[in-house]
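Quick notes on the structure that follows.
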Amino acid sequence: MRTTVGIIGAGPAGLLLARLLHRAGIDSVVLESRDRAHVEQRQRAGVLEQGTVDALRAAGAGERMDREGLRHDGIELRFDGRRHRVDFPGRTGGRSVTVYAQTEVCKDLIALQLAEGGPLLFEAEALGVEGAESDRPRVRFRRQGTEDELECRYVVGCDGFWGVARKAFPASVTRVFERSYPYAWLGILADVAPSHDELVYARHDRGFALLSLRSPSVSRLYLQVPAATRAEEWTDDRTWTELESRFETRDGWTLRRGPVTQKSVTPMRSFVHEPMRHGRLFLAGDAAHIVPPTGAKGLNLAVGDAITLARALAYEKETDSAALLDAYSATCLRRVWQAERFSYDLTTLLHRAPGATAFDARLQLARLERIASSRAAETDLAEAYTGLWA
Ligand code: RFL
Ligand code: PHB
């Protein structure tokens, strides 16, 4: 098999890249190790920055998002029994975010790719990338028990944190920066109307909690739990009781309970692989960088990488100049590190670290109090949350 751009992975990064390349008249083949149902059901992100929404629209993938996505003009910070709303448009000159699940973004992009785009092969597992430094890099892959090779002009690893593309970078050119956290998130999906009309980020002495949503009738909730927790340790009743404690306010706010339809534990990690390009091999999305989910940045970064790379490949096609491809890694990493910084700050602001002292707790409250009382501090949070596209 041959193509211009071989894309490994059909998550948001790979799917949007394939879509943008198709619109630019550049052919591609997408190899995805899992089946279509798995990719479409995997519960993950929920918050889209304005730039992500604009990009999906421009890619012709915004129709259902515009109908079903929910515009959110703020979030609530909850601490010490108090509630503080951050007004996004008021603090950012009009910016907001959209709640539209990653599962839905992927369904929309998959449908478009299968209808109009190049081949998107499910259950096709990439085994390795070869010849990254040559003119014709190749992806070895296995499909239906048979091994095959995809010969390309460029290969893009959009294969997430556990993918194979990163392994083709020689150790001599690679630097990895990472940090793991001594806690994880227990996430549940529940068939109940969200108890608040905006996301609630709660800092509590018992640990962090987040109230989010998937639709007007489906809630998505998260609880900070110790790093090695198994989801089975948390019965529904225990989960709701713990959520109630952490969301408690002095003004008698109540949490609505409902049937839990999914439960899983997500580890927390910060990770950056530099550079994001070696020869004719590029990395995009979680394959190159991970942020803890507190800042809601992972999907948005993946989309940013896909746009930057599609633009660079289109520019090369039109002008024969590799200038934008040469700048790809540095361009992406500037935004990536801003998202790393923001996600780390928000995580440490809101989570209780094991062994945290009373002094640490007071500092968290003082930082939150600062956001609640200083226009400058609140603006800094609102700008980063709504988008780091500048
Ligand atoms: P993905 O989505 O992991 O897709 C990678 C794809 O590659 C496939 N693959 C392979 N295919 C072929 N051969 C191989 N050898 C392969 N190895 C892997 C995989 O099957 C998969 O289909 O990466 P991508 O496209 O870079 O997208 C990144 C996002 O998925 C991720 O950053 C976000 O979900 C992170 N995230 C959030 N991001 C946000 O922007 N806002 C949020 O609100 C948000 N909340 C979250 C999150 C992630 C979470 N979890 C579960 C990690 C909440 C959670 C709980
Ligand atoms: C989600 O709805 O899954 C979600 C929202 C905000 C975050 C992380 C996850 O910061």
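The values are calculated or read from the model by the stated rules, or taken from the named source; none is laboratory data. For clarity, every value in this text was computed on a predicted model and none was experimentally measured. Cβ sites come from the backbone with ideal geometry, for glycine too, and all protein chains shown count toward neighbours. Ligands, DNA and RNA are excluded from the accessible area calculation, which covers all protein heavy atoms including side chains. Shrake-Rupley method; radii C 1.70, N 1.55, O 1.52, S 1.80 Å.
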* Asked: Going through segment 163-193 one residue at a time, which ones are under 22 Å from the mean Cα position of the chain (by Cα) and closer than 30 Å to residue 81 by Cβ?
  -> 181, 182, 183, 184, 185, 186, 187, 188, 189, 190
* **Matching residues, segment 313-344, being of a type in the set (A, V, I, L, M, F, W, C), surrounded by fewer than 21 Cβ atoms within 10 Å (Cβ to Cβ) and farther than 18 Å from residue 51 by Cα** => 314, 322, 323, 324, 325, 327, 330
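Condition check: within 30 Å of residue 205 (Cβ to Cβ) and either touching a His at 6+ places or on another chain (Cβ under 9 Å) or surrounded by 23 or more Cβ atoms within 10 Å (Cβ to Cβ) (or both). Does residue 298 satisfy that? Before the answer, list the steps.
Numbers: within 30 Å of residue 205 (Cβ to Cβ): yes; either touching a His at 6+ places or on another chain (Cβ under 9 Å) or surrounded by 23 or more Cβ atoms within 10 Å (Cβ to Cβ) (or both): yes.
Against the criterion (within 30 Å of residue 205 (Cβ to Cβ) and either touching a His at 6+ places or on another chain (Cβ under 9 Å) or surrounded by 23 or more Cβ atoms within 10 Å (Cβ to Cβ) (or both)), residue 298 qualifies.
Could you say which residue among 199, 211 is without any contact (Cβ under 8 Å) to a residue 60 or more places away in the chain and open to solvent by less than 60 Å² (accessible area, probe 1.4 Å)?
Numbers: 199 fails: without any contact (Cβ under 8 Å) to a residue 60 or more places away in the chain.
Exactly one of 199, 211 is without any contact (Cβ under 8 Å) to a residue 60 or more places away in the chain and open to solvent by less than 60 Å² (accessible area, probe 1.4 Å), namely 211.
So which residues in segment 41-69 are open to solvent by less than 60 Å² (accessible area, probe 1.4 Å) and within 11 Å of ligand 1 (Cβ to nearest atom), if there are any at all?
To start, the set of residues in segment 41-69 that are open to solvent by less than 60 Å² (accessible area, probe 1.4 Å) comprises 43, 45-53, 55-56, 59-62, 64-65, 69.
Matches in segment 41-69: 43, 45, 46, 47, 48, 49, 52.
From 22, 38, 72, grab the single residue that is touching a residue at least 40 places away in the same chain (Cβ under 8 Å) and open to solvent by 30 Å² or more (accessible area, probe 1.4 Å). It would help to see each step written out before you state the result.
Numbers: 38 fails: touching a residue at least 40 places away in the same chain (Cβ under 8 Å); 72 fails: open to solvent by 30 Å² or more (accessible area, probe 1.4 Å).
After ruling out the rest, the residue left standing is 22.
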* Asked: How many of the residues in segment 218-263 are away from ligand 2 (no atom under 16 Å from the Cβ) and within 24 Å of the chain's Cα centre (by Cα)?
  -> 5
* **Filtered residue count, segment 178-191, keeping only those that are buried (at least 18 other Cβ atoms within 10 Å of the Cβ) and more than 14 Å from ligand 2 (Cβ to nearest atom)** => 2
* When both residues are 6+ apart or on different chains and their Cβ atoms are under 7 Å apart, which pairs have a first residue that lies in segment 228-240 and is on the phi < 0 side of the Ramachandran plot, and a second that is open to solvent by 80 Å² or more (accessible area, probe 1.4 Å)? -> 240/257
